[in-house]
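In what follows, a structure is listed as structure tokens, so that the remarks can point back to it.
The values are calculated or read from the model by the stated rules, or taken from the named source; none is laboratory data. A quick note: this is a predicted structure, and the numbers were derived from the prediction, not measured. All Cβ positions, even for glycine, are placed from backbone atoms using ideal geometry, and neighbour counts span all protein chains on display. Please note that ligands, DNA and RNA were not included when accessible areas were found on the heavy atoms of the full protein model with its side chains. Shrake-Rupley method; radii C 1.70, N 1.55, O 1.52, S 1.80 Å.
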Amino acid sequence: MEGAKPPRFKDCAKHPQTGGDGFVLFYTDQCPYTCYWVPKVEEVAKEHGIPLKAIHITTKEAARNVPAPVTTYALFRNGKFVTQGIQSDKKFLKLAGMKQ
């Protein structure tokens with residue numbers, strides 16, 4: 001594509017981080033697995049007293065302001081980016097340091 005511009009990322013995506021303690025999860029419906037696994041992870045976090053704030057991204061503007069370059073699934077812990085890999089309830093518990 002001649003004349004096409006390369007993608008540009010906002011500073012918030014270039015330096016992924018959030019404020020606060022605990023886990024923060026940004027996700028969209030782009031991947032069909034998020035609608036299954038996000039509620040399961042929220043449930044297991046609640047059961048184990050793990051602080052988790054899940055933020056469902058539903059608009060283009062909100063996606064542009066996610067503090068990570070990938071908006072399908074971006075998990076942070078204590079303000080630092082952890083993974084874009086969708087977590088099952090068991091994977092999340094392991095990541096949180098909980099024994100099963």
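Quick rundown of the values:
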| item | result |
| --- | --- |
| Residues of segment 29-44 classified as open to solvent by less than 60 Å² (accessible area, probe 1.4 Å) and in contact with a helix residue (DSSP H, G or I) (Cβ under 7 Å, 6 or more places away or on another chain), total | 2 |
| Filtered residue count, segment 58-73, keeping only those that are of a type in the set (A, V, I, L, M, F, W, C), open to solvent by 40 Å² or more (accessible area, probe 1.4 Å) and in contact (Cβ under 8 Å) with a residue 40 or more places away in the chain | 0 |
| ILE55 being at pLDDT 90 or above, open to solvent by less than 90 Å² (accessible area, probe 1.4 Å), part of a loop (DSSP other than H, G, I, E, B) and aliphatic (A, V, I, L, M) | no |
| Looking only at segment 74-100, and only at residues there that are of a type in the set (D, E, K, R) and open to solvent by 100 Å² or more (accessible area, probe 1.4 Å), the one that is modelled with the lowest pLDDT | LYS99 |
| ALA13, sole failed condition from (1) in contact with a Lys or Arg (Cβ under 8 Å, 6 or more places away or on another chain); (2) of a type outside the set (Val, Ile, Thr); (3) modelled with pLDDT under 95; (4) under 17 Å from THR83 (Cβ atoms) | (1) |
| Selection within segment 83-97 - out of contact with any helix residue (DSSP H, G or I) (no Cβ under 7 Å at 6 or more places or on another chain) and in contact (Cβ under 8 Å) with a residue 24 or more places away in the chain | ALA96 |
